[in-house]
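Notes to accompany the following structure.
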Amino acid sequence: MVEKIGAEAFLMLSENLRVIDVRSPAEFVQGHIPGAKNLPLFNNEERAVVGTLYKNSGRETSVLKGLDFIGPKMSGFVKQANKIAPKRKVLMHCWRGGMRSESMAWLLSTAGFHVQLLEDGYKSYRKFIREKLGTASNYIILSGKTGSGKTEVLLQMKSMGMQVIDLEGLANHKGSAFGALGEDPQPTNEQFENDLYKDWAGLNHTQTIFLEDESRSIGKVVLPEVFFQVMRISPVIRLEMGEELRVKRLVVDYCKYPKEQLIESVNKIEKRIGGQHAKKIIEAIEAEDFYTAIAMVLGYYDKSYNYGLTKRENPKIHYLETDTLDAEKNAESVIQFYTGLGRI
């Protein structure tokens, strides 16, 4: 049995049913629905051949070539699908909901599967999630200058029962020129958006959701414009921490990395901080005077941070001072402060 359903219903059902993505491995790596399993109708090379034939020789020629590729693999597809979904109920999609998913759905339904196809395919899913991410929500933005430990505070708040989206965790990047140090490779921008939606959709949007203050770019990934604009007009709690504490924290966080990696990170911002300034920072790193190096880098980031706050559209900014690096204590302070403010 095969039926087509829209993106919203498809995603609701995906909480309990397995999703099979029949696009090529390269398409899947570029971006996929979180939790989906790749069962490609064509491998990357086969897809290229069929696509070229479609453009140059027409539909009939490309379909016949596709059948040549698929024929020997049909029993294998059914066996793999049985492993993915032993109960023989699956959700399925390709790029546009066309021949690839319909062909695989026919095959699996013939083998006794109940298949629900995503109408208009992965393309419709992408359109749906990008629209949803622009929906107004009860966001509170936790802000603070570099070194304030905002990410750790938010994670502590999450462990205390607050709703949090960890943007830097999803991006595998801490947001500065030094942000890739110690992190896994970043996802593609497409996959980042897919993962962001999954976290976003799992939250109660009638209640407050906390996010860290970010520029639109987090390393190489970029926040969806509609999502970023909602963040920019949301109320802000600004964690105020003195420079001495922030430098102390950053020395611990970053000076465990090889000097070569730290210098490479400084070189990324040389044009913005000036050649002479960058040279002095690098000299301090080479001399293992990390306190001086970090204090000089902070001067640049503090200016950028203050400038970023001025670009918000009439935000409500609430200031919370702290004199500790203890993330748990700061999390408790933010929650207490937020509760005292009432609905902001």
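Annotations for the structure displayed:
- Meets criteria (crowded, with 22+ Cβ neighbours inside 10 Å and not small (Gly, Ala, Ser)) for residue 104: yes
- Of the candidates 288, 283, 332, 328, the single residue that is in a loop (DSSP other than H, G, I, E, B) and farther than 27 Å from residue 217 by Cα is 288.
- Test: residue in the range 151-161 that is outside any helix (DSSP H, G or I) and not assigned by TED's automatic domain parsing to the domain that holds residue 78: yes
- Screening the range 254-311 for residues that are within 20 Å of residue 174 (Cβ to Cβ), more than 26 Å from the chain's Cα centre (by Cα) and hydroxyl-bearing (Ser, Thr, Tyr) and picking the one that is modelled with the highest pLDDT gives 291.
- Look at (1) out of contact with any Asp or Glu (no Cβ under 7 Å at 6 or more places or on another chain); (2) closer than 30 Å to residue 324 by Cβ; (3) not small (Gly, Ala, Ser) and you find that residue 259 fails only one, number (1).
- Output for the range 230-268, where each listed residue is within 26 Å of residue 157 (Cβ to Cβ), of a type in the set (S, T, N, Q) and surrounded by fewer than 15 Cβ atoms within 10 Å (Cβ to Cβ): none
- Residue list for the range 19-33, filter: surrounded by fewer than 18 Cβ atoms within 10 Å (Cβ to Cβ) and either in contact with a Pro (Cβ under 7 Å, 6 or more places away or on another chain) or not hydrophobic (A, V, I, L, M, F, W, C) (or both): 25, 30
- Meets criteria (in a loop (DSSP other than H, G, I, E, B) and either of a type in the set (Asp, Glu) or in contact with a Lys or Arg (Cβ under 6 Å, 6 or more places away or on another chain) (or both)) for residue 193: no
The values are calculated or read from the model by the stated rules, or taken from the named source; none is laboratory data. Since we're looking at a predicted model, the values are computed, not measured. Quick reminder, even Gly has a Cβ in these numbers, built from the backbone with ideal geometry, and neighbours come from all protein chains shown.
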